[in-house]
Amino acid sequence: MSIVTVQLGQCGNQIGHEVFCCLCSDIRGTHGLCSKKENQSYQDACKERFFWEEESGVPVARAVLVDMEPKVISQTLSMAARSGCWKYNNQSHFCQKQGSGNNWANGYSVHGPRHKESIMDLVQREAERCDRLGGFFTIMSMAGGTGSGLGAFVTQCLRDAFPASFILNHVIWPYGTGEVIVQNYNSVLTLSHLYRSSDALLVHENDVIHKICAQLMNIKQISFRDVNQVIAHQLGSVFQPVHPAEGGSNYSRNPLGDLMETLVPHPEFKMLGLRNIPQIPENSLPYSTFSWPGLIKHLRQMLIANAQMEEGIDWQVRPPPPGSSTPSSHSTKKPLHFNTSIANLVILRGKDVHSVDLGSFQDPSLYTSWLKPQDAFNAWRTPRAFNKYEKSASLVSNSQFLLKPLDSVVGKAWNMFASKAYIHQYTKFGIEEEDFLDSFTTLEQVISSYTTL
């Protein structure tokens, strides 16, 4: 099944470009670890999922590019075309002459309704190109105006136009130190609206990715492109073809559907986080060896200690001993900093994947009391290595990982709202104080639900 990617705003378009580059370089790579037949079916599955082919044989991304200013889209289109490996369809982008000025209300209430028809026409055309449409993958930032405001509006339109399709929103969480003065307002409004229309939100935090670039990739002067390449690598490690269940020899036909079925057992819990190991500079790869037990041990501790990368993990954090808490006292007896999960998916790629023991992820103490571990945990595998790593493991987790940043954003936005700071910038575009209050209520409910796991 095919996925249509919708790239929204500057951030969404730049990350989307890196994602397609990453997928393309992975399928063009030669991997001696699997049979020719396996490699061929992997390449075919990836192409069906993310590309369609022109008569000339050049893969064309199944993507719609949307921005309110032309600069980034024209750069993105020409960079893809110059790569010679793949390109965007020249008819699948929409841009205007002026941006949204970092104002969520401008994107949501002005640009959205004004350009709805043009944008949804492009989406419809891209969807009709798919033999089987699996759903939509939107990429957007929360801090600005176009990605967040227009992105929330477009997601609602997708839900109305394609009620039976899956929608996964990939959301970039802004730097804590701040990119724009009203980023907390924009974030609260974006998240609350997406929560109503999306099937799941896959979140990357800029601060975390920045740390990975500095500490794991040893990049001295970190650019947005470096950050975007790490994000693209992590997304590719999840979306490239993989065998879903034990012993299955066919690649997953419905990647978004399988992801939702595995990770979102209840509509109240839609926040997904992504961790991927190992992550090291390419020039260090020849000198590095990794064992599956070591990778799995690190990945499990990253999950329970809520560490986003393998460096600096707190190894003191342990799951609560069995029987130590009844559901009613769940939140009080838990060890400090322990990250409870609702559902986890581990994806293994590369050498000897079928011999890896993942029993440590089936420990009942990792999960909430209302789900059995066998329902809450899944593993997908493929002997086909990913992007030059002989062995790599990814963990997609529906857990309490976002509680702290979410609480902080809502708290900061509420403090500004209580003193009516900048509210007039939103009311002039038709977003009233009641809309803010509704958004706060939605997110307080999300925080409360995750806290009581």
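The values are calculated or read from the model by the stated rules, or taken from the named source; none is laboratory data. All values reported here derive from a predicted model rather than from experimental measurement. Neighbour counts are summed over all protein chains in view; Cβ atoms, including those assigned to glycine, are modelled from backbone coordinates with ideal geometry. Ligands, DNA and RNA are excluded from the accessible area calculation, which covers all protein heavy atoms including side chains. Shrake-Rupley method; radii C 1.70, N 1.55, O 1.52, S 1.80 Å.
Residue pairs whose Cβ atoms lie under 8 Å apart, separated by 6 or more positions or on different chains, with the first residue in segment 249-265 and outside the structural domain of K37 (by the TED database) and the second of a type in the set (A, V, I, L, M, F, W, C), do not occur. Kindly check whether there is at least one residue in segment 372-381 that is out of contact with any helix residue (DSSP H, G or I) (no Cβ under 6 Å at 6 or more places or on another chain), part of a helix (DSSP H, G or I) and open to solvent by 30 Å² or more (accessible area, probe 1.4 Å). There is at least one residue in segment 372-381 that is out of contact with any helix residue (DSSP H, G or I) (no Cβ under 6 Å at 6 or more places or on another chain), part of a helix (DSSP H, G or I) and open to solvent by 30 Å² or more (accessible area, probe 1.4 Å).
With modelled with pLDDT of 90 or more, in a helix (DSSP H, G or I) and farther than 20 Å from N184 by Cα as the only criterion, which of F361, F401, F436 stands out? Talk me through it step by step, then tell me what you get.
Working: F401 fails: farther than 20 Å from N184 by Cα; F436 fails: farther than 20 Å from N184 by Cα.
Residue meeting the stated conditions: F361.
Restricting attention to segment 280-325 and to residues that are within 24 Å of T452 (Cα to Cα) and of a type in the set (D, E, K, R), the residue that is least open to solvent (accessible area, probe 1.4 Å) turns out to be R300.
Which residue, of A413, A393, is modelled with pLDDT of 90 or more, not charged (D, E, K, R) and not in a helix (DSSP H, G or I)? Outline the logic, then answer.
Numbers: A413 fails: not in a helix (DSSP H, G or I).
A393 is the lone residue from the list that is modelled with pLDDT of 90 or more, not charged (D, E, K, R) and not in a helix (DSSP H, G or I).
Here G135 fulfils each of the conditions (1) part of a helix (DSSP H, G or I); (2) open to solvent by less than 20 Å² (accessible area, probe 1.4 Å) apart from (1). Checked against the criterion of being touching a residue at least 60 places away in the same chain (Cβ under 8 Å), of a type in the set (A, V, I, L, M) and touching a His at 6+ places or on another chain (Cβ under 9 Å), segment 21-33 contains not a single residue that satisfies it. If you check D121, D160, D131 for being of a type in the set (D, E, K, R) and either under 24 Å from Y426 (Cβ atoms) or not assigned by the TED database to the domain that holds N89 (or both), only one passes: D160. Residues that are over 30 Å from C24 (Cα atoms), in contact with a helix residue (DSSP H, G or I) (Cβ under 9 Å, 6 or more places away or on another chain) and part of a helix (DSSP H, G or I) within segment 71-116 comprise W104, A105, N106, G107, Y108, S109, V110, H111, G112, P113, H115, K116, listed in sequence order.
Residues in segment 136-165 that are without any contact (Cβ under 8 Å) to a residue 40 or more places away in the chain and of a type outside the set (A, V, I, L, M): R159, D160, F162, P163, S165.
Report yes if T368 is under 25 Å from E268 (Cα atoms), outside the structural domain of G176 (by the TED database) and modelled with pLDDT of 95 or more, otherwise no.
Judged against the criteria, T368 is not a match.
Out of E282, E205, E268, one residue alone is acidic (D, E), out of contact with any Gly (no Cβ under 7 Å at 6 or more places or on another chain), in contact (Cβ under 8 Å) with a residue 24 or more places away in the chain and within 27 Å of K351 (Cα to Cα). It is E282.
Just one of the numbered conditions (1) more than 21 Å from the chain's Cα centre (by Cα); (2) at pLDDT below 95; (3) within 25 Å of L256 (Cβ to Cβ) is not true of Q124: (2).
Within segment 60-111, the residues that satisfy the criterion of being under 23 Å from the mean Cα position of the chain (by Cα) and among the β-branched types (V, I, T) are V60, V64, V66, V72, I73, T76.
Residues G57, G12: which one is open to solvent by less than 40 Å² (accessible area, probe 1.4 Å), assigned by the TED database to the domain that holds A143, of a type in the set (G, A, S) and free of Cβ contacts under 8 Å to residues at least 40 places away in the same chain?
Working: G12 fails: free of Cβ contacts under 8 Å to residues at least 40 places away in the same chain.
On inspection, the qualifying residue turns out to be G57.
Put simply, of K47, K71, K37, K97 the only residue that is buried (at least 16 other Cβ atoms within 10 Å of the Cβ), of a type in the set (K, R) and without any contact (Cβ under 8 Å) to a residue 60 or more places away in the chain is K47. Considering only residues in segment 382-412 that are more than 22 Å from I347 (Cβ to Cβ) and of a type in the set (K, R), the one that is most open to solvent (accessible area, probe 1.4 Å) turns out to be K404.
To keep it simple, each residue is scored yes or no on (1) at pLDDT 95 or above; (2) farther than 20 Å from V238 by Cα; (3) of a type in the set (A, V, I, L, M); (4) not assigned by the TED database to the domain that holds Y175.
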{"residue": "Y42", "(1), (2), (3), (4)": "no, no, no, no"}
{"residue": "C46", "(1), (2), (3), (4)": "no, no, no, no"}
{"residue": "D67", "(1), (2), (3), (4)": "no, yes, no, no"}
{"residue": "A81", "(1), (2), (3), (4)": "no, yes, yes, no"}
{"residue": "Q98", "(1), (2), (3), (4)": "no, yes, no, no"}
{"residue": "N102", "(1), (2), (3), (4)": "no, yes, no, no"}
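Return yes when H243 is modelled with pLDDT under 90, outside the structural domain of V353 (by the TED database) and open to solvent by less than 30 Å² (accessible area, probe 1.4 Å) and no when it is not. Yes, satisfied.
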